[in-house]
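To start, the structure itself, in structure tokens.
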Amino acid sequence: MPPGDPGSTVDWEVLARLGGTPVMLKTVGRLESVCDALVAGGRDPETAVAVIQDGTLPTQRVVVTTLAAAARDAAEVASPAVVVIGEVVGLR
């Protein structure tokens, strides 16, 4: 469930403060609310984000951006996609 959804069981503020590398599936349609929730919870807006569409396939597409710009930069990315957030993105 996306941030703000009454059925969501994710504590987005805690997730933002934990650091580490969140990896999210089925998130591209909710990318703006997810990134906004992480930034509101204290995550640096300049935190690296990779959005990977069709991972491991010949049609793979990777958008590398930041939490602040992810929704805009990955607007053309379609499911299936994986969202990776954190310093590990810089290791690709």
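Throughout, read-outs are computed from the coordinates displayed, never taken from laboratory work. Note that the structure is predicted; figures quoted are calculated from it, not measured. For neighbour counting, all protein chains shown are included, and Cβ atoms are generated from backbone atoms with ideal geometry for every residue, glycine included.
Per-residue extension of 0.36 nm, minus the Cα-Cα distance of SER33 and GLU46, leaves a gain of 3.1 nm for this segment. In degrees between 0 and 90, to the nearest 10, how far off the longest principal axis of the chain does helix 31-40 point, with axes built from Cα atoms? The answer is roughly 40 degrees. Projected label points at ARG72 and THR9, each 7 Å from Cα along the beta carbon direction, are separated by 3.6 nanometres.
Once both labels are positioned 7 Å from their Cα atoms along Cα-to-Cβ, the gap between VAL88 and GLN60 label points is 1.5 nm. Across the chain, the relative contact order, built from alpha-carbon pairs under 8 Å that are at least six residues apart, equals 34 percent. In order along segment 58-66, the phi-based Karplus estimate (6.51 cos²θ - 1.76 cosθ + 1.60, θ = phi - 60°) of 3J(HN,Hα) comes to x, 8, 4, 9, 10, 10, 9, 7, 10 Hz; Gly and Pro are listed as x.
Only the Cβ atoms of Lys and Arg (+1) and of Asp and Glu (-1) were treated as charged; on that basis the dipole of segment 12-91 about its Cα centre amounts to roughly 180 debye. Cβ crowding within 10 Å, taken as a proxy for footprinting-reagent exposure, orders THR21, THR47, THR66 from fewest neighbours to most as THR21, THR66, THR47. Taking amide H positions as modeled 1.01 Å from N, with prolines and chain starts lacking one, no residue 5 or more places away or on another chain lies under 5 Å from VAL77. In order along segment 2-7, the Karplus-derived 3J(HN,Hα) couplings, from 6.51 cos²θ - 1.76 cosθ + 1.60 at θ = phi - 60°, round to x, x, x, 6, x, x Hz, and Gly and Pro are given as x. Sequence-ordered 3J(HN,Hα) estimates for segment 11-17 from the Karplus curve with 6.51, -1.76 and 1.60 and θ = phi - 60° stand at 8, 5, 5, 5, 4, 5, 7 Hz, glycine and proline given as x. Judged by the ratio a/c of the largest to the smallest principal axis of the C-alpha gyration tensor, segment 12-91 counts as prolate, that ratio being 1.5 or greater while a/b is larger than b/c.
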